[in-house]
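A.B. asks: Have a look at the structure that comes next, please.
Readers should treat all values here as calculations from the given coordinates under stated rules, not as data from a laboratory. Keep in mind that what you see is a predicted model, and the values were worked out from it rather than measured. Note that we place each Cβ from the backbone using ideal geometry, even for glycine, and neighbour counts take in every protein chain shown.
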Amino acid sequence: MSKKAIISLDGQNFDLPIIEGSVGPDVIDISKLYAQSGKFTLDPGFTSTASCQSSITYIDGDKGECYYRGYPMDVLAEKSSFLEIVHLLWTGSLPTKAEWYEYSEAIKTHTMVHEQMKTFFNGFRRGSHPMAILTSVVAALSAFYPDSIDVNDLEQRQISARRMIAKVPTLAAMAYKYSIGQPFIYPDNNLDYCENFMQMTFGVPTEKYKVNKVFSKALDKIFILHADHEQNASTSTVRLAASSGVNPFASISAGFTSLWGPLHGGANEAALNMLKEIGDVKNIPEYVKRAKDKNDPFKLMGFGHRVYKNYDPRAKVMQKTCHDVLEELGRKDDKILQVAIELEKIALQDDYFVEKKLYPNIDFYSGITLSAMGFPATMFTPLFAVARTAGWIAHWKEMYLDPQNRIGRPRQLYIGEKPRQFLELKDRD
Ligand code: SDX
């Protein structure tokens with residue numbers, strides 16, 4: 001017999017079906033509640049609300065575990081590659097050798113962007129934040145690739161997905177080059193995904209770019225860690241935008257916009273700026289005190305998470321990757337890393353953080369690592385967005401296979417003025 005919840009309202013009982021997932025919390029299906037009871041439910045921030053059913057990623061917040069299509073993310077980060085993970089997130093399976101060859105070669109044929117996009121970039125102020133540029137140029141892809149914008153055509157969905165995962169690294173590198181006044185570097189399809197991104201970002205026309213394999217491997221791991229994370233703010237934004245049937249490029253650009261916020265994908269930039277502002281381990285107590293002060297808006301950036309009430313498993317892999325990169329650079333005793341390690345130690349022994357279950361999240365160590373690899377802080381969120389494009393597209397694809405897919409249109413609790421009469425201006429004293 002199927003399980004149900006019963007809500008009793010004004011002496012009437014309403015049966016609400018309970019639906020079980022493969023793992024994790026069951027859900028109470030309230031989709032018929034308003035029709036039956038005339039009542040909405042209210043859940044600002046969606047702390048107790050599932051917006052959809054999905055098979056892509058599962059997070060166990062209490063255990064601090066994360067799975068992509070059932071595979072532990074930390075195992076994938078050690079043993080797989082970002083493009084394999086893209087295939088896994090999009091199709092539900094890791095590619096066979098034959099699939100891998102076709103797929104990786106197909107992605108390479110889309111790494112260049114329409115030459116006229118350069119003109120689009122030229123409209124920005126040179127010092128623009130790369131995310132200000134990317135939120136615009138990703139949406140502009142729909143103007144340059146009008147042959148793959150029909151979301152009801154499976155083939156067009158396929159090619160727009162491959163175009164986006166292939167082109168966002170090129171666009172991110174272009175946004176960086178434009179902001180520092182250097183010429184754009186074309187993709188080099190003899191390189192793998194991350195090597196190519198590094199050469200487009202740090203290469204110059206005057207000399208052959210030398211790939212640092214430790215860095216490109218570290219970046220591939222970082223992309224895997226950032227690829228997807230259930231219904232986070234930016235993924236939910238992509239789903240809601242896409243539910244209107246808008247073209248794929250516009251839906252994914254909505255994800256870029258939401259991710260940019262300092263409470264979300266902008267936290268890596270904010271976390272490094274915070275660690276630099278702390279500057280020395282002797283200043284840590286003052287900042288921990290501020291983070292605990294209700295009257296001080298300061299928060300420890302890179303700490304806390306809506307779902308993880310244990311250590312973010314990605315932060316553990318990120319910390320090890322950080323050590324690998326700093327080791328490669330002979331900077332094991334990097335001062336900012338020492339501040340981060342000491343801050344983590346102090347915070348995790350402090351009752352405030354323990355009681356509120358605030359642990360380092362993925363953004364706590366990523367900034368130090370990316371900075372050591374040569375990326376400026378303004379490029380941290382673009383890197384996050386390049387990786388999360390994989391997840392955004394996976395959820396976008398999943399929506400079209402979901403028979404329950406319909407335009408998202410939340411209701412509200414109205415607390416404004418009750419209906420009232422209009423008064424002519426001449427009568428308003
Ligand atoms: C990402 O959703 C995802 O999966 C996101 C992400 C992904 O991969 O997509 O994991 C990526 O966005 C990671 C989070 C990056 N953001 C930050 O590091 C910014 C700092 N963290 C916080 O702003 C906060 O922890 C959030 C935004 C991450 C979570 O916010 P919640 O779940 O709404 O929790 P909350 O703000 O209500 O905090 C609960 C309590 C509050 O205290 P009380 O009002 O209960 O007394 O904890 C406190 C907060 O004041 N708190 C912090 C804190 N984070 C929460 N206090 C100090 N420092 C912090 N970092």
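A.B. asks: If GLU344 passes every condition in (1) crowded, with 19+ Cβ neighbours inside 10 Å; (2) within 28 Å of LYS177 (Cβ to Cβ); (3) of a type outside the set (Phe, Trp, Tyr); (4) over 19 Å from the mean Cα position of the chain (by Cα) but one, which one does it miss?
C.D. replies: Looking at each condition in turn, GLU344 falls short on (2).
A.B. asks: Let me confirm something: among SER93, SER54, which residue is polar (S, T, N, Q), assigned to a loop (DSSP other than H, G, I, E, B), out of contact with any strand residue (DSSP E or B) (no Cβ under 8 Å at 6 or more places or on another chain) and touching a residue at least 60 places away in the same chain (Cβ under 8 Å)?
C.D. replies: Matching residue, one of SER93, SER54: SER54.
A.B. asks: Taking only the range 69-102 into account, find how many residues are closer than 18 Å to CYS194 by Cβ, among the hydroxyl-bearing types (Ser, Thr, Tyr) and either surrounded by fewer than 15 Cβ atoms within 10 Å (Cβ to Cβ) or touching an Asp or Glu at 6+ places or on another chain (Cβ under 8 Å) (or both).
C.D. replies: Of the residues in the range 69-102, 1 are closer than 18 Å to CYS194 by Cβ, among the hydroxyl-bearing types (Ser, Thr, Tyr) and either surrounded by fewer than 15 Cβ atoms within 10 Å (Cβ to Cβ) or touching an Asp or Glu at 6+ places or on another chain (Cβ under 8 Å) (or both).
A.B. asks: Quick one: in the range 302-339, which of the residues that are out of contact with any Lys or Arg (no Cβ under 9 Å at 6 or more places or on another chain) and among the hydrophobic types (A, V, I, L, M, F, W, C) is surrounded by the fewest Cβ atoms within 10 Å (Cβ to Cβ)?
C.D. replies: LEU329
A.B. asks: Next question, about the same structure. Could you name every one of the helices (runs of 4 or more DSSP H) located completely within the range 292-360 that has at least 3 residues being under 18 Å from LEU370 (Cα atoms)?
C.D. replies: It comes to 313-328, 335-348.
A.B. asks: Continuing with this model, one more query. Considering only the range 190-235, how many residues are small (Gly, Ala, Ser) and outside any helix (DSSP H, G or I)?
C.D. replies: Total satisfying the criteria: 2.
A.B. asks: Report, by residue number, each residue of the range 100-152 that is of a type in the set (Asp, Glu) and under 21 Å from TRP396 (Cα atoms).
C.D. replies: Within the range 100-152, ASP147, ASP150 meet the criteria.
A.B. asks: Which residue pairs have Cβ atoms under 7 Å apart, sit 6 or more places apart or on different chains, and have a first residue in the range 345-365 that is more than 20 Å from GLY261 (Cα to Cα) and a second that is within 9 Å of the ligand (Cβ to nearest atom) and part of a loop (DSSP other than H, G, I, E, B)?
C.D. replies: Filtered contacts from the range 345-365: ALA347/LEU300.
A.B. asks: For VAL211, state whether it is touching a helix residue (DSSP H, G or I) at 6+ places or on another chain (Cβ under 6 Å) and crowded, with 24+ Cβ neighbours inside 10 Å.
C.D. replies: So VAL211 fails the test.
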